[in-house]
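The values are calculated or read from the model by the stated rules, or taken from the named source; none is laboratory data. Not measured: the values here are computed from a predicted model. Virtual Cβ from ideal backbone geometry, glycine too; neighbours counted across all protein chains shown.
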Amino acid sequence: MRIATASDVQDGDFVVEILPEAPSTNAVLADRARDGAPERLVIVTEHQTSGRGRLDRTWETPLHSALTFSALLRPPVEQVPPHRWPWLPLVAGLAVTSVLREEGYAVGLKWPNDVLLRTSSGEERKVCGILVERIETPDGPAAVVGIGLNTSLTPEELPVPAATSLEIESGGPVDRTTLLLHLLRGLFGHYVDWVADPDGLRPAYAAASVTLGRQVRAELPDGQTLVGTATAIDETGRLVIATEQGEQAVGAGDVVHLRPVQ
């Protein structure tokens, strides 16, 4: 199912530019930001050929199978100090989770921002990935929020066995245009709340989390492993893990893999 319009969409609060194909919507939007693009410009593509994720992982999104888009944010420096920026990926993950729950999907957040969909067999499978990149522009730092939501991928098209799509689990078609607009309103709404109170979304994030309260194993870049109970998210977005040696906080950039302890 195509996104309904091939022209730019203007919603009053944001402008959406739809590209038939793009290597990476984050890369396209980053270039636009450096050229002076305003906050809330959104780049969407029907076919992403070189998508990027954490740790420089790459993938290709099959044509018309997902919602793949990036949104430009310019957090005001007087309200959001630099040490709060690591919360932006969590804000984006919470926004997607909140919208999908409103749409009736049984989803939750794996720290920091993977959106997991509960299957009919009770498994939690990844349905959405998010990559937020900070870039420097002539107008100051900006954030490019990239979101890839599997809407209609078939089982054969899934990038990894632990992934799924909305249509696989719901058994029905997804109106991508309507869902895209819902997601953007949710994203910008959560962003406004975060700018007004950078610590105010912590309770909502905790309520949506499928990580907090669980035994987890955090694999670190130097080969070390932390094992313990995920107990909290701190003010900078780090995950607090209660280990036998005491509480330790890790940031998203500090962790190669975070897995539940079976």
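Could you tell me which of the residues Glu247, Glu219 is modelled with pLDDT of 95 or more and acidic (Asp, Glu)?
Every option except Glu247 fails the conditions.
Tell me which of these Trp85 doesn't satisfy, since it passes every other one: (1) of a type in the set (Phe, Trp, Tyr); (2) at pLDDT 95 or above; (3) in a helix (DSSP H, G or I).
So Trp85 meets the others, but not (2).
Ala204 fails exactly one of the following numbered conditions: (1) of a type in the set (Gly, Ala, Ser); (2) farther than 21 Å from Cys128 by Cα; (3) under 18 Å from the mean Cα position of the chain (by Cα). What is the number of that condition?
(2)
Which of the following residues is buried (at least 17 other Cβ atoms within 10 Å of the Cβ) and either in contact with a helix residue (DSSP H, G or I) (Cβ under 6 Å, 6 or more places away or on another chain) or of a type outside the set (Asp, Glu) (or both): Ala106, Ala95?
Ala95
Only one residue in Val160, Val240 is hydrophobic (A, V, I, L, M, F, W, C), in the same structural domain as Leu72 (by TED's automatic domain parsing), farther than 28 Å from Val16 by Cα and not in a helix (DSSP H, G or I). Which one?
Val160 is the lone residue from the list that is hydrophobic (A, V, I, L, M, F, W, C), in the same structural domain as Leu72 (by TED's automatic domain parsing), farther than 28 Å from Val16 by Cα and not in a helix (DSSP H, G or I).
Please enumerate the residues belonging to the stretch 214-237 that are without any contact (Cβ under 8 Å) to a residue 60 or more places away in the chain and either among the hydroxyl-bearing types (Ser, Thr, Tyr) or part of a loop (DSSP other than H, G, I, E, B) (or both).
Arg214, Leu220, Pro221, Asp222, Gly223, Gln224, Thr225, Thr229, Thr231, Asp234
Only one of these conditions is not met by Gly129: (1) without any contact (Cβ under 8 Å) to a residue 40 or more places away in the chain; (2) crowded, with 19+ Cβ neighbours inside 10 Å; (3) not in a helix (DSSP H, G or I). Which number is it?
Status for Gly129: all satisfied but (1).
Going through the stretch 108-133 one residue at a time, which ones are over 13 Å from the mean Cα position of the chain (by Cα) and not small (Gly, Ala, Ser)?
Once the filter is applied, which keeps residues that are over 13 Å from the mean Cα position of the chain (by Cα) and not small (Gly, Ala, Ser), the stretch 108-133 yields Leu117, Arg118, Thr119, Glu123, Glu124, Arg125.
Is it the case that Thr211 is in contact (Cβ under 8 Å) with a residue 60 or more places away in the chain and out of contact with any strand residue (DSSP E or B) (no Cβ under 6 Å at 6 or more places or on another chain)?
Against the criterion (in contact (Cβ under 8 Å) with a residue 60 or more places away in the chain and out of contact with any strand residue (DSSP E or B) (no Cβ under 6 Å at 6 or more places or on another chain)), Thr211 does not qualify.
Could you go through the stretch 181-195 and let me know if any residue there is over 18 Å from the mean Cα position of the chain (by Cα) and not hydroxyl-bearing (Ser, Thr, Tyr).
Scanning the stretch 181-195 turns up no residue that is over 18 Å from the mean Cα position of the chain (by Cα) and not hydroxyl-bearing (Ser, Thr, Tyr).
With respect to Ala71, determine if the residue is at pLDDT 95 or above, of a type in the set (Gly, Ala, Ser) and surrounded by 22 or more Cβ atoms within 10 Å (Cβ to Cβ).
yes
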